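Colleague: I have a structure here, written as structure tokens, and I will follow up with some questions on it.
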Amino acid sequence: MSLTEEARTPFSLVDEINQGMDQRAERAVHDSMVEVTCKPDSCQYFLITPKLLPDLMYHERMKILCVNNGEWLPEAKGIGNMMNMIDTFVQMRDRSSRAG
């Protein structure tokens, strides 16, 4: 990650960089990655991970793709739709902040 700002490549890929880290270290590394990789002149950066901590910092230049795979997936269409889940979360958070 330290070479990301110096290297001029079309993209970088990191696989499971957060494995084995405690939550404090994982959050610090994630925040640093966001700061470095979301600059206007930075290349594309791919992070592949089976998990992320809740309430991480995200930047408007980031795109999150969640791939769900396995026997546990619902067969009915529309169930488990990530965008619906995000929209519901945002609505609930907004209602909570207005009420509080």
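Derivation of every value follows stated rules applied to the coordinates shown; laboratory data play no part. Values in this document were obtained by computation on a predicted structure and should not be read as measured data. Here Cβ is always computed from backbone atoms with ideal geometry, including for glycine, and neighbour counts include all displayed protein chains.
Colleague: Determine the sum of side-chain charges near Phe46: Lys and Arg each +1, Asp and Glu each -1, restricted to other residues whose C-beta is under 15 angstrom from that of Phe46. Walk me through the numbers on the way to the answer.
Modeller: Details: positive: Arg61, Lys63; negative: Asp15, Glu16.
Around Phe46, the surrounding residues sum to 0.
Colleague: Which residues' amide hydrogens lie under 5 Å from the amide hydrogen of Met21, considering only partners 5 or more residues apart or on another chain, with H built in the peptide plane?
Modeller: For Met21, whose amide H was placed from the backbone, there are no distant partners under 5 Å.
Colleague: Taking amide H atoms as placed 1.01 Å from N in the peptide plane, list the residues 5 or more away in sequence, or in a different chain, whose amide H sits under 5 Å from that of Val14.
Modeller: Long-range HN contacts for Val14: Phe46, Leu47, Ile48.
Colleague: Here's something else I'd like to know. Can you order the peptides 23-29, 51-57 by their average number of other Cβ atoms within 10 Å per residue, highest first? Numbers along the way, then the final one.
Modeller: Values: 23-29: 13.3, 51-57: 9.9.
Highest to lowest by the protection proxy: 23-29, 51-57.
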